[in-house]
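K.L.:
Sharing a structure here in C-alpha cells format.
The values are calculated or read from the model by the stated rules, or taken from the named source; none is laboratory data. Predicted model, so just to flag it, every value in this text is computed and none were measured. Positions of Cβ are generated from backbone atoms using ideal geometry, with glycine treated the same way; all protein chains shown enter the neighbour counts.
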Amino acid sequence: MMDREPPRTELASAHLAGTGLAGTRPAGTGPAGAEPARTELHRHPERGSHDLDVIFDIVDSALICHVGFDHDGAPVVIPTVHGRDGTTLYLHGSPASRMLRGLASGIDVCVGITLVDELVLAKSWFHHSLNYRSVVVFGRATVVGDPDVKTRALRLIVDHIRPGRSAEARPPNAKELAGTLVLAVPLTESSAKVRSGPPLDDAEDADFPVWSGVVKVSSPR
C-alpha cells in the first residue's frame, strides 16, 4: 500500500534477487544508451529495468493487459487480451470497438501489465504491500493490414490464452478475418518494475503480536 522503504542498498539488492533484475542496465530500450523520459522510473528506481528479457517474460506471463488512451478528451482504460511477437505487442477486436478505432487513428497509447505474486502482510498498516511484476508501454498503434501478418498475430493471441490452442481450434475464415481489426504496438518504449521480498517492518514493531510475511497468490497459468 504505502510501503516506505529505508534508503539502504542491501534492501534494494534483496528486492531484486531472484527477479532477473539484479545487475541490469536501465537503458535496454532507450536510444544510444539514453533512457526514454516517459519510462524513467522515479519511485523506487532500484526495482526497475529496461531489460527486454525481463519485459518479455512479464508480457508473456500475464493473461490480459490494460490499454489507456484519450477518447474525446477523457481518459479511458480498457482491459483486453494480447499477444507478442518479438518487440511487437498485438491487440485485436471489432472494427467497431471504440478503443481500436481510436488507436488505429494514430493516437498515443499507454499499456499496463501487472502480475501479483504475493500479498505482503506487515505488522503495521503502513508497510502492507504486494509483491508484483509490472510493465508499462508507451507508443502508437498501427493497423496490421497484411493478411499473413494478421493471421499470425491472431494465432499468437489465441496461443497466449492457452499455448497450442491455435492448432486445435478452427482458424478464422475470410469473413471473420475481415471483421477483425489487429493493431501492433511496439515494445521499444517500455519499462518493467518488480517488488519482491518480505514486509519492511519497523524495528519498533518487532514484538507487535501479529504475524507478518508473504502469502503466495495462485496463478491462472
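K.L.:
Check Ala192 against each of (1) in contact with a Pro (Cβ under 7 Å, 6 or more places away or on another chain); (2) closer than 18 Å to Arg84 by Cβ; (3) not polar (S, T, N, Q) and name the one condition it does not meet.
P.N.:
The single condition Ala192 does not satisfy is (1).
K.L.:
What residue, of Gly106, Gly83, is surrounded by 15 or more Cβ atoms within 10 Å (Cβ to Cβ) and either more than 24 Å from Ala37 (Cα to Cα) or not β-branched (Val, Ile, Thr) (or both)?
P.N.:
Only one candidate passes the filter, namely Gly83.
K.L.:
Out of Gly106, Gly68, which single residue is within 23 Å of Ser191 (Cα to Cα) and outside any strand (DSSP E or B)?
P.N.:
Exactly one of Gly106, Gly68 is within 23 Å of Ser191 (Cα to Cα) and outside any strand (DSSP E or B), namely Gly106.
K.L.:
OK, next. Of all residues in region 195-221, count the ones that are in a strand (DSSP E or B) and buried (at least 16 other Cβ atoms within 10 Å of the Cβ).
P.N.:
2
K.L.:
Follow-up. I'd like to verify a number: residues in region 109-134 that are crowded, with 18+ Cβ neighbours inside 10 Å, among the hydrophobic types (A, V, I, L, M, F, W, C) and farther than 28 Å from Phe69 by Cα, how many?
P.N.:
2
K.L.:
Moving on. Consider only pairs whose beta carbons are under 9 Å apart and that are at least six residues apart or on different chains; among these, list those whose first residue lies in region 156-167 and is closer than 13 Å to Asp85 by Cα and in contact (Cβ under 8 Å) with a residue 40 or more places away in the chain and whose second residue is among the aliphatic types (A, V, I, L, M) and in a helix (DSSP H, G or I).
P.N.:
Going by the 9 Å Cβ cut-off, the qualifying pairs are Asp159/Ala167.
K.L.:
Run down Leu156, Leu177, Leu183 and say which single residue is surrounded by 15 or more Cβ atoms within 10 Å (Cβ to Cβ), at pLDDT below 95 and among the aliphatic types (A, V, I, L, M).
P.N.:
The conditions single out Leu183.
K.L.:
Could you identify the single residue in Val135, Val158, Val149 that is at negative phi and in a strand (DSSP E or B)?
P.N.:
Of Val135, Val158, Val149, the one residue that is at negative phi and in a strand (DSSP E or B) is Val135.
K.L.:
Which number in (1) surrounded by fewer than 17 Cβ atoms within 10 Å (Cβ to Cβ); (2) touching a residue at least 24 places away in the same chain (Cβ under 8 Å) marks the one condition that Asp146 misses?
P.N.:
The single condition Asp146 does not satisfy is (2).
K.L.:
Taking Val54, is it of a type in the set (A, V, I, L, M, F, W, C) and closer than 23 Å to Ile161 by Cβ?
P.N.:
Yes: the conditions hold for Val54.
K.L.:
Of the residues Thr88, Thr114, which is over 12 Å from the mean Cα position of the chain (by Cα) and among the β-branched types (Val, Ile, Thr)?
P.N.:
Exactly one residue qualifies, and that residue is Thr88.
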